[in-house]
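Below is one structure; the comments refer to it alone.
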Amino acid sequence: TAQERAETLANMVIVENRGVEAGIHTPAEAKAMALRKPPPEGESRVRVIRVKDFDAQACCGTHPRSTGEVGVIQVAGTEKIKEGVRVHFVCGFRALREARENARVVRELGRKLSTGRAGLEKGLDRVLGESAEARKALNASERALAGHLGRELAAKGSVVAEILEGKSLEILRVVANEVVKAPGKVAVLASAGESSSLILARSADLGLDLRPIFKEAVALIEGKGGGPPHFVQGGGPGKDVAAALKLAGERIRASLGG
């Protein structure tokens, strides 16, 4: 990679132990040195750091007398910024500490995955694959249970208003869709967790537009959302899902005449 090539080149220059010189020059002299970056405008004198037969740059910082004093350079990472790429690196004994910590992490991962360094990638891929399969199976089971719950709730009456603690919006949708499969049903479902969710749904044979009721109810959880007249959903950071559920239920019953 480009990062590895740059890191290798930097360490080659260190091993070659090239001399580093600092000198004060006029702007004209500095510009004639083919600096990597033009010196700042308006300066009467420019301090230039030169690595013998390799690099020259205007700089007022502290520098070694030779590249060998740096010891070694290890790139710890990079990040994109507006101007280009910011490189994070360590050198000298800090690079040694970084290498030791990386080796410790590799050993610990190997211990947990019962493999050596050469088998870490395959071991991690195996664990991630098993985790993905487990999540898939769990999701399928949860959806099946949600469908069963929806059928149970549909038997409770024409307006089903329930708080399903800790359930995701996806699971609320499964339950609501199961409730409104039967004619004459309205589902008012809510859930509270890191954020709160609210769903209003009705059977196809009912002509009620749920959107105005939803807008009023979801405001109680500082939320937003939307959807077609027969199925609206959304959520927000507010925690008073009980109040939202109560208001929606009351408005729906009043609209249905009961």
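Describe numerically, in nm with one decimal, the distance between label points set 7 Å from Cα along Cα→Cβ at Leu256 and at Ala99.
For the pair Leu256/Ala99, the computed spacing is 7.3 nm.
Straight-line reach from Lys82: which lysines have Cα under 30 Å away, leaving out those fewer than 8 places along the same chain?
Once the sequence-local lysines are set aside, what remains near Lys82 is Lys31, Lys37.
Straight-line reach from Lys239: which lysines have a Cα under 19 Å away, not including same-chain ones fewer than 8 places off?
Lys167, Lys215, Lys224
Among Val186, Val232, Val15, which one moves the most in a GNM of the chain with springs linking Cα atoms closer than 10 Å?
Val15
Please list the non-local residues whose amide H lies under 5 Å from the amide H of Ser66, H modeled 1.01 Å from N, same-chain partners needing a gap of 5 or more.
Those lying under 5 Å, H to H, from Ser66 are Val20.
How high is the relative contact order of the chain, in percent, counting Cα pairs under 8 Å that sit 6 or more residues apart?
Dividing the mean separation by the residue count of the chain yields 10 percent.
Using a Gaussian network model of the chain whose springs link C-alpha atoms within less than 10 Å, name the residue from Leu172, Leu35, Leu210 with the highest mean-square fluctuation.
Most flexible of the set in this elastic network: Leu35.
Each residue of the range 9-26 in turn: what ³J(HN,Hα) in whole Hz from Karplus with 6.51, -1.76, 1.60 and θ = phi - 60°, glycine and Pro shown as x?
Karplus values, whole Hz, x for Gly and Pro: 4, 4, 6, 5, 5, 5, 4, 6, 6, 5, x, 10, 10, 10, x, 9, 9, 6.
Show that you can apply the helix-only estimate: for the chain, add -39,500 (n - 2.57) for every DSSP H stretch of four or more residues, divide by all residues, and state [θ] at 222 nm to the nearest 500.
-14000 deg cm²/dmol
How compact is the range 60-170 by the rule of thumb for globular proteins, expressed as Cα Rg over 2.2 N^0.38 Å?
Expressed relative to 2.2 N^0.38 Å, the Cα Rg reads 2.03.
Compute the relative contact order of the range 172-258 as a whole-number percentage, counting only Cα pairs closer than 8 Å that sit 6 or more residues apart in sequence.
Normalised by residue count, the contact order of the range 172-258 is 26 percent.
Along Cα→Cβ, 7 Å out, is where each label goes; now give me the distance between the ones at Ala6 and Ser44 in nm to one decimal.
3.7 nm
Any chance you could list P(r) for the range 191-231, counting all Cα-Cα pairs in 5 angstrom bins from zero, rounded to whole %?
Values per bin, smallest distances first: 5, 25, 30, 19, 14, 6, 1, 0.
Which aspartates and glutamates have a Cα less than 17 Å from the Cα of Lys185, not counting those fewer than 8 places away in the same chain?
The reachable aspartates and glutamates, counting only those whose Cα sits under 17 Å from Lys185, are Glu152, Glu162, Asp205, Asp209, Glu250.
Along the three principal axes, how long is the range 124-257 when you take its alpha carbons, biggest first, rounded to the nearest angstrom?
Principal axes ranked by extent give 58, 31, 23 Å for the Cα atoms.
With a cut-off of 8 Å between alpha carbons and a minimum separation of six or more residues, what is the relative contact order of the range 1-98 in percent?
Relative contact order here is 27 percent.
If a/c stays under 1.5 just call it rounded; otherwise compare a/b with b/c (prolate if a/b is bigger, oblate if not). Do that for the range 152-228, with a ≥ b ≥ c from the square roots of the Cα gyration tensor eigenvalues.
Taking the square roots of the gyration eigenvalues as a ≥ b ≥ c, the range 152-228 is oblate.
Over the chain, with a Gaussian network built from C-alpha contacts below 10 Å, which listed residue (Arg18, Arg36, Arg117) shows the highest mean-square fluctuation?
Result for the chain, Cα springs under 10 Å: Arg36 fluctuates most.
Ignoring any ligand, DNA or RNA, what whole percent of the accessible area of the range 76-218 comes from carbon and sulfur when the probe is 1.4 angstrom?
54 percent
Per 10 Å bin, what is the whole-percent P(r) computed from every C-alpha pair distance within the chain?
6, 18, 16, 10, 11, 14, 13, 9, 3, 0
List every residue whose amide H lies under 5 Å from the amide H of Arg47, counting only residues 5 or more places away in sequence or on a different chain, with H placed 1.01 Å from N in the peptide plane.
His25, Cys59
The values are calculated or read from the model by the stated rules, or taken from the named source; none is laboratory data. This one's a predicted model, so the numbers in the text were calculated from it and none came from an experiment. Quick reminder, even Gly has a Cβ in these numbers, built from the backbone with ideal geometry, and neighbours come from all protein chains shown. What goes into the accessible areas is simple: the full protein's heavy atoms, side chains included, and nothing from ligands, DNA or RNA. Shrake-Rupley method; radii C 1.70, N 1.55, O 1.52, S 1.80 Å.
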